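Following: one structure in C-alpha cells, then a few remarks.
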Amino acid sequence: MKKLMRMCSPNKTIKTSTCLEDTFNIGLDIGTRLNKGITIGLSGELGVGKTIFAKGLGEGLGVKELITSPTFLGINEYYSGRLPFIHMDFYQKVVDIKKINFYIDKNAVILIEWTENFNSMFNEKLKTNTIVYIKYLRDKEGSIIDNERQIVIESDNT
Ligand SMILES: Nc1ncnc2c1ncn2[C@@H]1O[C@H](COP(=O)(O)OP(=O)(O)OP(=O)(O)O)[C@@H](O)[C@H]1O
Ligand SMILES: [Mg+2]
C-alpha cells in the first residue's frame, strides 16, 4: 500500500472564487458541515465579499431569514438554523470579550468581519477557531481583476 506523504499545511485550504456565487458556495459548504459552536474570523479589504461568504455560511446552517450586513450595533443574531448564527462586523463598532463569550456559551457559530479591529482596539488577540482571508486578485500591473478572489481558510480543526 502506498504511504501518504505528510501534508505541509494540513490546516490550510486555498480556493479561487470567480464570482459572488463561488464565494457564497464556499461559505455554504462550511456552514453545511458545522455541527457545533465555532468562532470564525473573516478578514479582507472593503467590499471583497465577506458578507457574501457570511450569507452562504448562514444558509448552510439552515438560517431561514435574509442575512444582511450587521449595522448599528454590529451584531445580527439568527436562531432559525441548526445552531445560533451570530454575525458580527467590527468595522465601526467592536464588542468586548464578555459579549463574545456570552454567545460562545450558547454554542453559537460566530462569524466576525474585521476581527483585526478587535486586536487593535483591545490590544489582545481574539481567539478564533478558523480564520478566513478573502483577497482581491491582481493582474501584472497590480489592478484588481474583476470578480476574482482568493479565499484562504486556516482552521485549528476544532
Ligand atoms: N468573487 C466574488 N466574491 C464575492 N463578492 C464578489 C465577487 N465578485 C464580485 N463581488 C461583489 O463584491 C461585493 C462584495 O460585497 P460584500 O458586502 O460581501 O463585501 P464585504 O467584504 O462584506 O464589504 P465590507 O468590508 O464593506 O463589509 C458584492 O457587490 C459582490 O457582488
Ligand atoms: Mg461586510
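Among the protein heavy atoms of the range 13-155, carbon and sulfur supply 52% of the accessible surface, probe 1.4 Å, non-protein parts ignored.
What fraction, in whole percent, of alpha-carbon pairs in the range 107-158 exceed 13 Å separation? Beyond 13 Å sits 70 percent of the P(r) for the range 107-158. Note on F72 and E124: the model spin-label points, each 7 Å out from Cα along the C-beta direction, lie 2.9 nm apart. Over the range 13-155, the pair-distance histogram of Cα-Cα distances with 5 Å bins from zero comes to 2, 10, 21, 24, 20, 13, 6, 2, 1, 0 percent, rounded to whole numbers. Whole-percent P(r), the range 1-46, all Cα pairs, 10 Å bins from 0: 17, 42, 30, 11, 1.
Across the range 1-15, the residues whose backbone nitrogen lies under 12 Å from the label position 7 Å along the beta-carbon direction of Y133 are 12-15.
Roll a 1.4 Å probe over the protein chains and send me the accessible area per residue for the range 13-155 in Å². Walk me through the intermediate numbers first.
Details: 7630 Å² over 143 residues.
Heavy-atom accessible area per residue stands at 53 Å².
The values are calculated or read from the model by the stated rules, or taken from the named source; none is laboratory data. Here the structure is a predicted model, which is why all the values come from computation and not from measurement. Positions of Cβ are generated from backbone atoms using ideal geometry, with glycine treated the same way; all protein chains shown enter the neighbour counts. The protein model used for the area step is the full one, side chains on, heavy atoms only, and it has no ligands, DNA or RNA in it. Shrake-Rupley method; radii C 1.70, N 1.55, O 1.52, S 1.80 Å.
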